[in-house]
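Note sheet for the following structure.
The values are calculated or read from the model by the stated rules, or taken from the named source; none is laboratory data. This structure is a prediction, so every number in the text was calculated from the model and none was measured. Positions of Cβ are backbone-derived with ideal geometry, glycine not excepted, and every protein chain shown enters the neighbour counts.
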Amino acid sequence: MGQLIVATCIIDDIIGLVLLSEVEALVNPTPWNFIAPILSAFGFLIVLGWSAVTWMPKVIEHKYLAYFNEENREDAAFGLMVALLLGYLPLLYATKASYLMGAFLAGLTFSQIGVVHSSFVHNTEATMSWLVRIFFATTIGFQVPVKYFEKAEVIRSVYPSY
């Protein structure tokens, strides 16, 4: 169920990026300016997306990262990811697709590489913990009216020693 939700969110984001490109086409509304973003976005999604989930992770992990020592693989993977990102951003922008789709495809390429996943989990654990707390506070906590906290019963239910 979780994978289905994530897949749905990804499709929603991709549609949003295509629509963003269509809004940018309103600056100069010619038929080609409306067709080009759709063709470009879906063409790159098929070609680069397919390669990002099939052969590119294997080549990166077994060919490229194999040249580096174990302690340098994380940095090497990060450097290659930035290089791929810097290649995809202008490529997709020049072909009238959203440059943000280039960032998505670069990230998708590295999503199956073990050293990148473990590095991400290790380096973002504390940040994710705080983001979950903030998310909870903004979605659930802010729905409780502040005026209820002026009553002593509410304070005593949270802090019984008072």
Name the helices (runs of 4 or more DSSP H) wholly inside region 1-75 in which the number of residues that are at pLDDT below 90 and of a type outside the set (A, V, I, L, M, F, W, C) is 1 or more. 2-24, 31-53
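With the structure loaded, tell me whether Lys147 is at positive phi and not polar (S, T, N, Q) or whether it fails that test.
no
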In contact (Cβ under 8 Å) with a residue 12 or more places away in the chain and farther than 26 Å from Ile11 by Cβ: does that describe Leu65? yes
Hey, can you tell me all the residues within region 140-160 that are in a loop (DSSP other than H, G, I, E, B) and either surrounded by 10 or more Cβ atoms within 10 Å (Cβ to Cβ) or in contact with a Leu (Cβ under 8 Å, 6 or more places away or on another chain) (or both)? Val144, Lys151
Can you pull out every residue in region 124-139 that is polar (S, T, N, Q), under 16 Å from the mean Cα position of the chain (by Cα) and either surrounded by 10 or more Cβ atoms within 10 Å (Cβ to Cβ) or under 24 Å from Lys58 (Cα atoms) (or both)? Thr124
Test result for Phe78, assigned to a helix (DSSP H, G or I) and under 30 Å from Ala25 (Cα atoms): no
Do we have Thr95 as in contact with a Ser or Thr (Cβ under 9 Å, 6 or more places away or on another chain), surrounded by 15 or more Cβ atoms within 10 Å (Cβ to Cβ) and farther than 30 Å from Thr30 by Cα here? no
Quick check: anything in region 84-103 in a loop (DSSP other than H, G, I, E, B), farther than 24 Å from Ala7 by Cα and of a type in the set (A, V, I, L, M, F, W, C)? no
